[in-house]
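Read through the structure below, which is laid out as structure tokens, and then see the notes.
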Amino acid sequence: MPDGAKPVLDVRGLQTVFRTRAGDVHAVNSVSFHLEPGELLGVVGESGSGKSVTMMSLIGLLPMPPAEVLAGEVMLGDVDILKVTPDQLRDIRGRRIGFVFQDPMTSLNPVYNIGNQVAEPLRRHMGMNKSQARARAIELLELVGIPDAERRLADYPHQFSGGMRQRVMIAIALACDPEVLIADEPTTALDVTIQAQIIELVKELRTKLGMAIVWITHDLGVIAGIADRVLVMYGGQVVEQAPVKELFANPQHPYTRALLKTIPSVTGQRETRLRVIEGQPPIMGAAPVACPFMPRCAHAFSRCGAENPQRRAIGAGRVGYGHDVACHWDAKTGGPADA
Amino acid sequence: MLDAKPAKKLVEVKDLKMYFPIHSGLLRRHTGDVKAVDGLSFDIFEGETLGLVGESGCGKSTVGRALLRLYELTSGSVTIGDEDIAKLSPEKLRTKRPMMQMVFQDPQACLNPRMTVAAIIAEPLDEHTKLSADEKLEKVYELMDAVGLNRAFANRYPHAFSGGQRQRIGIARALALNPKFIVCDEPIAALDVSIQAQVVNLLEDLQEQYGLTYLFISHDLSMVRHIADRVAVMYLGRIAELSPREPLYADPLHPYAKALLSAVPDPDPERESGRKRIILQGDVPSPSNPPKGCNFCTRCPEVIPICHEVKPDLAEVRPGRFVACHLVKPDNNTAAGSTGLAEDFEYNQQGEPKQ
């Protein structure tokens with residue numbers, strides 16, 4: 001990525017907690033990343049790693065309370081969307097940032113037909129009248145590959161299959177030609193052959209429309225095929241960030257390295273025994289004072305328990321551009337990294 | 001493996017059909033059937049793991065449940081050991097239950113939230129054995145050790161455990177009666193990536209330790225490649241291809257198996273960019289109204305006219321490899337004097353003996 005192009009989205013020091021009766025959960029801890037124009041940023045992590053909460057909190061989709069965004073700024077162009085009024089935020093959501101959710105079964109309203117739901121953002125944000133919105137809705141449904149789009153406008157979500165519903169969701173997200181599309185596990189609920197269809201569709205739409213995409217997933221295989229750059233999240237923070245080929249060829253963080261070894265593949269050499277990461281992912285009951293991966297890390301040493309590592313650049317470039325990792329251990333030397 | 005004993009069939013399934021009736025109209029008349037499983041025949045050999053893969057709705061879970069007769073079969077036979085369990089009376093069936101067990105997909109839903117771990121694991125013992133309370137507790141502790149649960153947690157309730165640990169409780173319960181055959185129905189689908197490997201390794205260790213035979217149902221083709229000896233690929237209630245693991249993944253023969261394998265993303269950007277992907281058009285047809293001819297004919301990229309007319313039978317086209325497709329013809333040199341199933345299994349194991 002060229003260093004210097006103005007990012008479409010720039011997130012700095014985002015911190016989100018959930019205040020629950022059982023105590024606070026620090027779901028997101030000072031997460032920073034940026035999104036270049038036209039780029040596809042993959043975000044990987046296990047459940048509870050904070051990847052969805054990060055994206056939900058930056059566009060104000062978390063229920064507050066119990067959630068609370070404690071700190072951070074989210075620059076969309078020149079606007080800090082954490083500071084705008086709810087009305088302004090409504091103008092941004094759907095218009096400048098599109099969202100595709102994981103579960104296509106529950107994210108469409110069952111009592112409105114598809115035509116209504118695709119036309120809604122067009123009428124709300126683009127000021128179109130009914131017939132304009134209808135014409136555009138047909139175009140959009142054709143764009144995402146729904147056959148016989150005009151007739152299907154009158155159909156209800158239950159008349160569509162899972163893959164087709166996800167296409168409808170993508171059509172809605174794309175309706176107002178947003179600058180940023182956030183896709184939260186868009187293919188997780190789908191079968192592999194349908195997942196392949198959706199991935200091809202997104203690749204095709206990217207070249208056609210040129211928007212920037214954040215693609216959240218737990219599936220490293222999907223990331224390998226689609227992303228330009230990857231954020232790896234663990235315990236509510238970014239532990240590693242790199243261009244996709246660099247990440248898979250030269251992983252630095254012990255978590256990333258272990259994760260890449262635990263997943264089997266359908267091609268290549270078959271492992272006779274799977275490597276495992278012992279232990280459980282953490283529940284962040286307090287703001288981290290130590291590295292969240294320490295209890296499961298094979299390379300942990302005293303400093304890991306005393307100090308939560310900051311992201312440091314690997315090789316040339318600065319943090320956030322190029323390759324960086326949040327770890328006290330140096331994968332190259334196999335010893336402690338310089339402070 | 002020249003000195004290997006010929007593998008023994010443990011489970012033999014013949015023409016298994018499982019239809020669920022559709023009742024509609026005011027009088028709730030029987031108007032059709034969902035043909036969830038439509039004529040399946042296969043064997044599972046002692047000590048092996050048969051992977052059963054397919055997309056949602058293809059009937060793979062129904063097969064697993066039908067094999068243990070959790071459903072009353074529409075037709076067909078399931079022989080486990082030497083008895084056709086499809087025809088046993090309920091009392092007889094109960095006495096056979098200890099040898100066949102199941103591990104379920106959702107570790108949250110399959111454990112009673114009001115029972116302690118010890119009570120959950122001991123429940124099969126209460127039902128089927130006459131052990132004293134002390135003996136039962138001893139057995140529960142043994143099982144907890146075997147699956148890697150700390151004995152100190154025996155009196156806790158399921159909610160106190162994580163998903164991976166709950167799955168271990170489910171596995172311990174399945175093991176309690178020393179079964180021979182375990183159906184694992186998507187045992188890792190609900191778990192995180194880093195936990196999946198832990199559970200799969202545990203299942204493999206237990207298989208070796210207790211000489212278990214698994215039917216491993218999953219939609220995760222890469223995990224099935226890891227754990228299974230042979231793999232059956234299902235599509236819309238029928239087996240498309242049943243092959244030993246390595247040849248299937250290296251060179252799938254059925255067009256659906258090809259498409260399915262090519263659709264699995266590869267966690268390696270270099271390999272991924274060089275792969276040719278077969279994108280199937282459309283969705284799976286409804287099992288209540290499967291297409292005439294081959295079930296896959298509506299989406300098959302290589303479809304020919306006969307596919308719309310005649311359902312292909314599952315036939316052995318290479319030693320040990322069974323394919324149901326008009327396009328895949330048996331090799332001349334193997335088809336005629338084709339080997340029996342037992343020998344095929346030896347072939348499957350070649351190069352990678354189990355011991």
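Just so you know, all these numbers are worked out from the coordinates, no wet-lab data involved. The structure presented is a predicted model; accordingly, all values stated were derived computationally and were not measured. When we count neighbours, we look across all protein chains shown, and the Cβ atoms used for this are built from the backbone with ideal geometry, even at glycine.
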- Item | Potential extension, B:Leu88-B:Thr31 segment - 0.36 nm per residue separation minus Cα distance | 17.6 nm
- Note on the structure: Here the gain from full extension of A:Lys130 to A:Val289, 0.36 nm per residue of separation minus their alpha-carbon distance, amounts to 51.7 nm
- Task: For the protein assembly as shown, count the residues as N, evaluate 2.2 N^0.38 Å, and divide the Cα radius of gyration by that value, please.
- Result: 1.01
- Task: Could you calculate the FRET efficiency of B:Asp331 with B:Glu302 from 1/(1 + (r/R0)^6), where r is the beta carbon distance between them and R0 is 25 Å, rounded to 0.05?
- Result: 0.85
- Task: Working from Cα positions, state the angle (0 to 90°, nearest 10) between the long axis of helix A:114-126 and the longest principal axis of chain A.
- Result: 80 degrees
- Message: If a paramagnetic tag sat 7 Å from the Cα of A:Thr188 along the Cα-Cβ line, which residues of the stretch B:250-267 would have the backbone N under 20 Å from that point?
- Response: B:264-267
- Query: Around A:Glu240, which amide H atoms from residues at least 5 apart in sequence, or from another chain, sit under 5 Å from its own amide H, with H modelled in the peptide plane?
  - Reply: A:Val232, A:Ala326
- Item | Cysteines without a disulfide-compatible partner [chain B; Cβ-Cβ under 4.7 Å] | B:Cys58, B:Cys110, B:Cys184, B:Cys300, B:Cys325
- Would you please state which residues of the stretch B:301-334 a label at B:Lys292 would reach in this model, taking the label point 7 Å out along Cα→Cβ and a backbone N cut-off of under 15 Å? B:305-312
- Estimate the FRET efficiency between B:Glu246 and A:Leu70 by the formula 1/(1 + (r/R0)^6), using the beta-carbon distance for r and 45 Å for R0, to the nearest 0.05. 0.30
- Can you give the charge dipole size of the stretch A:2-66 about its Cα centre, rounded to the nearest 20 debye, using +1 on the beta carbon of Lys and Arg and -1 on the beta carbon of Asp and Glu? 320 debye
- What ranking do A:79-85, B:185-191, A:132-138 get when scored by the average of other Cβ atoms within 10 Å per residue, highest first? B:185-191, A:132-138, A:79-85
- Query: Pairing the Cα long axis of helix A:192-209 with the longest principal axis of chain A, what angle in degrees results, from 0 to 90 and rounded to the nearest 10?
  - Reply: 80 degrees
- Sequence-distant residues sharing a close amide H with B:Leu10 (under 5 Å, placed H): B:Ile44, B:Phe45, B:Glu46
- Residues A:Leu76, A:Leu220 in order from fewest to most other beta-carbon atoms within 10 Å are A:Leu76, A:Leu220
- Message: Expected output is a single nm value to one decimal: the length gained when fully extending between B:Lys276 and B:Ile22, i.e. 0.36 nm times separation in residues minus the C-alpha distance. What is it?
- Response: 87.4 nm
